[in-house]
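Reading through the C-alpha cells given below for one structure.
The values are calculated or read from the model by the stated rules, or taken from the named source; none is laboratory data. Since we're looking at a predicted model, the values are computed, not measured. Ideal geometry is used to build each Cβ from the backbone, glycine not excepted, and the neighbour counts take in all protein chains shown.
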Amino acid sequence: MNPGEVLVRVDACGICGTDLHIVEGASRSNPPVVLGHEYCGVLEDAGKVPGLTAGTRVAVDPNISCGSCYYCRRGLVHLCQNLRALGVDIDGGMAEYCIVSEQQLHVLPEGMTTDEGALIEPVSCAVHGIDLARISVGDTVAILGGGTMGLVMLQLARSAGAALTILVEPVEAKRTLARRLGADLIVDPSHEDVRATVIERTGVGADIVIECVGKPATMQQAIDIARRGGVVEFFGVCPVGVTIPVEPNRVYFGELTIVGSYVNPHTFTRSAALLRAGKVRASDMMIQHFPLEGVHEAFTALREGKTLKSIITPQQ
Ligand SMILES: [Zn+2]
Ligand SMILES: [Zn+2]
C-alpha cells in the first residue's frame, strides 16, 4: 500500500446497469479490472492514515477526480477531464479485499446495515439528480422506470416535497414495490397510454420528469409528458451513440429545461443520512444476495430483470 491508502475487507458490493454495460463492452472501462463501484466493508489495515483504525466500517466513493483540471478548479469534480473510478478504471469492490485511497472513504453511520452501506453510492447519484431537478414543494414528479434508481428517485421526490408522484413501469413486481413506497399514480406503459394518463391526471403534464430507464423511447416520452416550463432530466444511461429527435419548438415555446445528471459530486454524506433515516428504504428494494462465486448468476439475474438489486457478499 502507498501512503494514504487503506485495505478494505469488502462486506457488500452492489451490481448495477453500469457493470452490465462494461461487461457487454457498451461502456468505458480499462480492462483487465476488478468491477464493483457500490461497496462497503471494514478496514482490515488502516495504513498510516491519521484518525482511522482497523475495524472501522466504511463505504467507498468510487469516483476519483484529479483536482487540477479546469472543471475541478471550478468545483465541478464530477465533470473532471481525468475522472477515474474504482471498479471501472481501477480494481474495485467485487473482491474479498480492495486497496482504497483514504480520500474515497466515508465512515458508516452507527447502526447502518451492510445493504444500506452498499446502496450509498447509487443513492448518492440519485441525490445529485434530485438537486438538479429543482423540485418545488407541491410539484408533480413523473418517474419513468421503476428499477432500483427509479424507486430511489420516487422516495427522494416524496422527501423533496412532491405533492403527486407518478411512476411508469411495465413490470408488475416493480409496480407493486412502487405502490408500497408511496407512488400516487402508477402507470403500466404496456397497457396504458402514458401521455393521456398523465394529462388526464394533471391537466397540463408533469412539472418534473425524471427518466430512469436509459432507452431512446423513454427519453422521448419524458419530453412528451412534461408541462410547459417543466424540467426533463436524463438520468438513465443510453448506449453510446444513441440519438433521439427533438422538436426545437417544443423546447422553445414550451420553455423546457432538459438537464443531465451524472454521478455524485459531494452527495455521499447526504445519501448516507437519507438511508440511515429510512427516507430511502433498503428493506423494500428487493435485494438478492450472491456469494463472490455467484457473480455470473447475479449478472444473469439482473440482465433478465429477475432481481431489482443484486449484492455480492464476498465474505460469505
Ligand atoms: Zn452503479
Ligand atoms: Zn479534474
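Checking residue 94 against (1) more than 16 Å from ligand 2 (Cβ to nearest atom); (2) among the hydrophobic types (A, V, I, L, M, F, W, C); (3) more than 18 Å from residue 314 (Cβ to Cβ), which single condition isn't satisfied?
Of the numbered conditions (1) more than 16 Å from ligand 2 (Cβ to nearest atom); (2) among the hydrophobic types (A, V, I, L, M, F, W, C); (3) more than 18 Å from residue 314 (Cβ to Cβ), the odd one out for residue 94 is (3).
Take the stretch 251-278 and flag every residue that is within 28 Å of residue 205 (Cα to Cα) and surrounded by 14 or more Cβ atoms within 10 Å (Cβ to Cβ).
Scanning the stretch 251-278 gives 251, 254, 256, 257, 258, 259, 261, 262, 263.
From the residues in the stretch 282-301 that are surrounded by 18 or more Cβ atoms within 10 Å (Cβ to Cβ) and under 25 Å from residue 130 (Cα atoms), which one is modelled with the highest pLDDT?
Top of the filtered list is 287.
Please list, ordered by residue number, the strands (runs of 3 or more DSSP E) wholly in the stretch 8-110 having 3 or more residues that are more than 13 Å from ligand 1 (Cβ to nearest atom) and buried (at least 22 other Cβ atoms within 10 Å of the Cβ).
38-45
When you go through 73, 57, 84 one by one, which is the residue that is more than 16 Å from ligand 2 (Cβ to nearest atom), at pLDDT 95 or above and among the basic types (Lys, Arg)?
Among 73, 57, 84, only 57 is more than 16 Å from ligand 2 (Cβ to nearest atom), at pLDDT 95 or above and among the basic types (Lys, Arg).
Given the structure, is residue 137 surrounded by fewer than 17 Cβ atoms within 10 Å (Cβ to Cβ) and either within 14 Å of ligand 1 (Cβ to nearest atom) or within 30 Å of residue 198 (Cβ to Cβ) (or both)?
So residue 137 passes the test.
Taking residue 291 as the residue in question, decide whether it is in contact (Cβ under 8 Å) with a residue 24 or more places away in the chain and more than 20 Å from the chain's Cα centre (by Cα).
yes
Could you please give the count of residues in the stretch 238-274 that are in contact with a helix residue (DSSP H, G or I) (Cβ under 7 Å, 6 or more places away or on another chain) and polar (S, T, N, Q)?
The number of residues fulfilling the criteria is 4.
Quick check: is even one residue across the stretch 14-28 under 30 Å from residue 284 (Cβ atoms) and free of Cβ contacts under 8 Å to residues at least 24 places away in the same chain?
Checked the stretch 14-28: at least one residue is under 30 Å from residue 284 (Cβ atoms) and free of Cβ contacts under 8 Å to residues at least 24 places away in the same chain.
Just to be sure I understand the filter: pairs with C-beta atoms under 7 Å, separated by 6 or more residues or on different chains, first member in the stretch 185-204 and within 19 Å of residue 147 (Cβ to Cβ), second member part of a loop (DSSP other than H, G, I, E, B) and not basic (Lys, Arg). Which pairs pass?
188/170; 189/170; 190/170; 194/225
Being closer than 30 Å to residue 191 by Cα, among the aliphatic types (A, V, I, L, M) and within 15 Å of ligand 1 (Cβ to nearest atom) narrows it down to one residue among 164, 151, 156, 144; which is it?
151
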